[in-house]
Amino acid sequence: MQWGTMEAFTNKMVYLLETLVWQNGYDPKKKAQHKANKPKLFVPPFMQKPGIDADKVVHDIDDIKGILARPRSEAEA
């Protein structure tokens, strides 16, 4: 089941309200505990951005230009 606009908006609204409560409940004596209790936005699995796989090679534009500028032999064609 995928979320619609209202579900995504409600999720974000709940996160922001939890963040406001967390910010206003700051106790300087419990600084480490305060950071540990910071709310996190819930993102359902179908909305998560896919990560980069370890077996994939990442290139920037200059790398691609260099690869395309290399001389090609007939065996590669």
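Remarks
- Selection within the stretch 1-13 - surrounded by 11 or more Cβ atoms within 10 Å (Cβ to Cβ), without any contact (Cβ under 8 Å) to a residue 24 or more places away in the chain and more than 13 Å from F46 (Cβ to Cβ): F9, T10
- Search result, residues across the stretch 8-54 that are of a type outside the set (S, T, N, Q), part of a helix (DSSP H, G or I), at pLDDT below 90 and over 17 Å from the mean Cα position of the chain (by Cα): V21, W22, P28, K29, K30, K31, A32, H34, K35, A36
- Cβ-Cβ contacts under 8 Å between residues 6 or more apart (or on different chains), taken from a first residue in the stretch 43-54 that is surrounded by 10 or more Cβ atoms within 10 Å (Cβ to Cβ) to a second residue that is not in a helix (DSSP H, G or I), are listed as P44/W3; M47/W3.
The values are calculated or read from the model by the stated rules, or taken from the named source; none is laboratory data. All figures in this text were calculated on a predicted structure; none of them were measured in a lab. All Cβ positions, glycine included, derive from the backbone under ideal geometry; neighbour counts span all protein chains shown.
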